[in-house]
Amino acid sequence: MSGPEWIVAEGRTPYPDALAAMEARAAGIRAGTAGEAVWLVEHPPTYTAGTSATPEGLVEARFPVFQAGRGGQWTYHGPGQRTAYVMLDLQRPHGTVAARDIRAYVHGLEEWVIRALDRFNVRAERRDGRVGLWVVDRPSGRENKIGAIGVRVTRWVSWHGVAINVDPDLSHFGGIVPCGISAHGVTSLHALGVLATLEEVDAALMAAWGEVFGDARVG
């Protein structure tokens, strides 16, 4: 079976539009009327609340706030961040990811982003008990988040996905406690001195996909 269709959204996609489009595509996948897809999106400045979000996590509502319906807590989306929405039928295996195994699926998403960022010589790492992907400033030992992960699985079809900080305004994260973690900061590729474009990050994501999830098909 061929891999998912890759779709790159033009401009900035309002968050409610993304939710509606993902939900419709996921329903089509379940019904067998639509194929799997990876949708690459850039949003206007937005705060989203996952199912575990608490009121205390919203420090200052500087931007529109939406209930996301995904797992996790508070997340910021905005210009300069690449969000990849992944819609797959998890009733079948995908490369290294076993069928009907949500933990393996999340691990696969993490591995995908790790391998994509490795193409820029950026070492992203997992941390036990901490959602997302982290980079370590070696001189100070400080850990900062470079990638967020939040998923929803409805009748074994995945939606939502990952967000990678390419060159967002990092001050925008100050309105929330990102993913409920206040002890660590956030960073981006540009803050690390890697002046990649969204298009270059897209290419890295496409190249790394097959290493984790199997065959890739660019639509």
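The values are calculated or read from the model by the stated rules, or taken from the named source; none is laboratory data. Everything numeric in this text was worked out from a predicted model, so none of it was measured. A quick note on method: Cβ atoms are made from the backbone with ideal geometry, for glycine too, and the neighbour counts reach across all protein chains shown. Heavy atoms of the whole protein, side chains included, go into the accessibility calculation; ligands, DNA and RNA do not. Shrake-Rupley method; radii C 1.70, N 1.55, O 1.52, S 1.80 Å.
Around W159, what is the net charge, scoring Lys/Arg as +1 and Asp/Glu as -1 over all other residues with Cβ under 9 Å from its Cβ?
On the way: positive: R25, R70, R152; negative: E23.
That works out to +2.
Computed from Cα atoms, the angle from the helix 15-31 axis to the main principal axis of the chain rounds to 30 degrees. Cα convex hull, the chain: 113 Å³ per residue, rounded to a whole number.
List the trypsin sites (Lys or Arg not before Pro) within the stretch 80-138 that fall in a DSSP loop (any state other than H, G, I, E or B) and whose Cβ has at most 10 other Cβ atoms within 10 Å.
On the way: sites: R82, R100, R103, R115, R119, R123, R126, R127, R130; in loops: R100, R119, R123.
Within the stretch 80-138, no trypsin sites (Lys or Arg not before Pro) qualify (loop, at most 10 other Cβ atoms within 10 Å).
Restricting the calculation to alpha carbons of the stretch 2-81 gives Rg and Dmax of 14.2, 44 angstrom. Working note: Cα atoms of the stretch 147-219, range along each principal axis, descending, whole Å: 37, 34, 18. Quick note on the stretch 38-115: its Rg to Rh ratio, both from C-alpha atoms and Rh being the Kirkwood radius, is 1.03. Of the accessible area of the stretch 147-219, computed with a 1.4 Å probe over protein heavy atoms only, carbon and sulfur atoms account for 53 percent.
Taking only DSSP H segments of four or more residues, each worth -39500 (n - 2.57), what value at 222 nm results for the chain once the sum is divided by all its residues, to the nearest 500 deg cm²/dmol?
Working: 3 runs with 50 residues, N = 219.
-7500 deg cm²/dmol, from helical runs alone.
Please return the longest stretch of the chain lacking exposed loop sites, where GluC sites (Glu not before Pro) count only if DSSP places them in a loop and at most 14 other Cβ atoms lie within 10 Å. Write out the running numbers ahead of the final one.
On the way: sites that count: E10, E60.
Result, exposed sites excluded: 61-219.
Backbone amide hydrogens, once placed in the peptide plane, bring W6 within less than 5 Å of V38, G219, excluding anything fewer than 5 places away on its chain. The modelled label-to-label distance for the pair R62/A104, using points 7 Å beyond Cα in the direction of Cβ, is 4.1 nm. Relative to the longest principal axis of the Cα atoms of the chain, the long axis of helix 198-213 makes an angle of roughly 50 degrees.
Over the chain, what is the percentage of antiparallel beta bridges among all DSSP beta bridges, to the nearest 5?
Around 75 percent of the beta bridges assigned by DSSP in the chain are antiparallel ones.
Counting only protein heavy atoms and a 1.4 Å probe, the chain has 44 square angstrom of accessible area per residue. Computed from phi, the 3J(HN,Hα) profile of the stretch 119-129 under the Karplus parametrisation 6.51, -1.76, 1.60 (θ = phi - 60°) reads 5, 9, 6, 10, 9, 8, 9, 7, 9, 4, x Hz, with x in place of Gly and Pro. For a label point 7 angstrom out from the Cα of E199 toward its Cβ, which stretches of the stretch 7-25 have the backbone nitrogen within less than 15 Å? Zone members listed by number: 8-11.
Apolar share of the accessible surface for the stretch 57-97: 55 percent from carbon plus sulfur atoms, 1.4 Å probe. Fully extending the segment from S2 to R138, taken as 0.36 nm per residue of separation minus the present Cα-Cα distance, adds 44.9 nm.
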